[in-house]
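The values are calculated or read from the model by the stated rules, or taken from the named source; none is laboratory data. Quick caveat: nothing in here was measured; it's all calculated off a predicted structure. Cβ coordinates were reconstructed from backbone atoms using ideal geometry, including for glycine residues, and neighbour counts include every protein chain displayed. Side chains are part of the model used for accessible areas, which takes the heavy atoms of the whole protein and leaves out ligands, DNA and RNA. Shrake-Rupley method; radii C 1.70, N 1.55, O 1.52, S 1.80 Å.
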Amino acid sequence: MNLRATILPILSALLMLACSTIGEDERLLVVEPSGGNVPADTSTAIVEQRRVLLEDFTGQRCVNCPKAAAEIERLKSAYGGDTLIAVSIHGGELSFAGNASNVGLRTDLGDTYNNYWDVKSWPKGMINRSGTLTDYEEWFTLTHAAVGLPSPVRLSVQASHRADGDIEIATTVEALETVDASLQLWLTESGIVAMQSMPDGTVNREYVHNHVLRAAVNGTWGEPLSIAQGQTATLRHTITPADAWDAARLSIVAFVYGDRQGVLQVTEQNVTTYE
């Protein structure tokens, strides 16, 4: 008998049986790349997330404004103080300029913004300078929609008191895309104890006001900012705080905004102690 002729059919049968036990999901399929259809590797792409500026138009004679202030604290608790940055703008009919016995928070700057945005009732808010005034009941939904959108700029600010009492500010803007916009710097103060009309009709003379707009460091509407993609600019400013302001409770709010794009990025930094 030819041994080779006997073994070969047996081996062929065994191989066929072995192959038949491989399931469909266990088979190795080799797929060749198809030219331009291969997706790019975006795992290393850096996305700068946009933070939210809430411009809170308020007044000490506004009975519902404490409700808006409470909503701001709710938003800060939900999203973090570094993500939701609020500035309280005192201006208009329900704001108070102060007198000999009561501290007032109304400013000419606040009146200018109130007039420009045509604020006729308070409280009102604007999210990322959209141009639309909204009631405080809408702020949570609008903030949720705005948080985390991509930003074309990376923004940081440092601020410190100098020995002479002035505040020195350094703002760094890195353009992830070419930027043609404006840079605005505001000085705010928190922890101000002053009168406030309350929802129940009373007047609270020990009310604590936070993130109150005190001054525009670089002009009412800021200054032009044009940076090419991939470039970084550092801008330096100085402001002399008023004697009535508490130096330990001052902050700088910096934001980049466009006339049509709204706020592209915003950040806030406490003014550090004397060097």
Mean accessible area per residue over segment 124-275 (1.4 angstrom probe, all protein chains present, square angstrom) is 48
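Determine the sum of side-chain charges near ALA68: Lys and Arg each +1, Asp and Glu each -1, restricted to other residues whose C-beta is under 15 angstrom from that of ALA68.
Numbers: positive: ARG61, LYS67, ARG74, LYS76, LYS124; negative: GLU55, ASP56, GLU71, GLU73, ASP135, GLU137, GLU138.
Its environment carries a net charge of -2.
How would ASP135, ASP259, ASP164, ASP82 line up by accessible area, probe 1.4 Å, largest first? List each step's numbers first, then the result.
Details: ASP135 60, ASP259 155, ASP164 100, ASP82 125 Å².
Sorted by accessible area, descending: ASP259, ASP82, ASP164, ASP135.
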Simple spin-label estimate for VAL193/VAL47, 7 Å along Cα→Cβ, in nm, reads 4.7
Contour minus Cα-Cα span, ALA248 to ARG236, at 0.36 nm per residue, comes to 2.2 nm
Taking protein heavy atoms only, a 1.4 Å probe, and rounding to whole percent, the accessible area of segment 125-230 owed to carbon and sulfur comes out at 50
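Can you classify segment 143-241 as rounded, prolate or oblate using the Cα gyration tensor, where a ≥ b ≥ c are the square roots of its eigenvalues, rounded means a/c under 1.5, and otherwise it's prolate if a/b beats b/c and oblate if not?
Verdict is oblate for segment 143-241.
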Quick calc, segment 74-192, dipole around Cα centre from Cβ unit charges on Lys, Arg (+) and Asp, Glu (-), nearest 20 debye, gives 280
Scoring only Lys, Arg, Asp and Glu (+1, +1, -1, -1) among other residues with Cβ under 13 Å from the Cβ of ASP246 yields 0
Extension length gain for ALA70 and VAL203 (0.36 nm per residue less Cα distance), in nm, is 46.2 nm
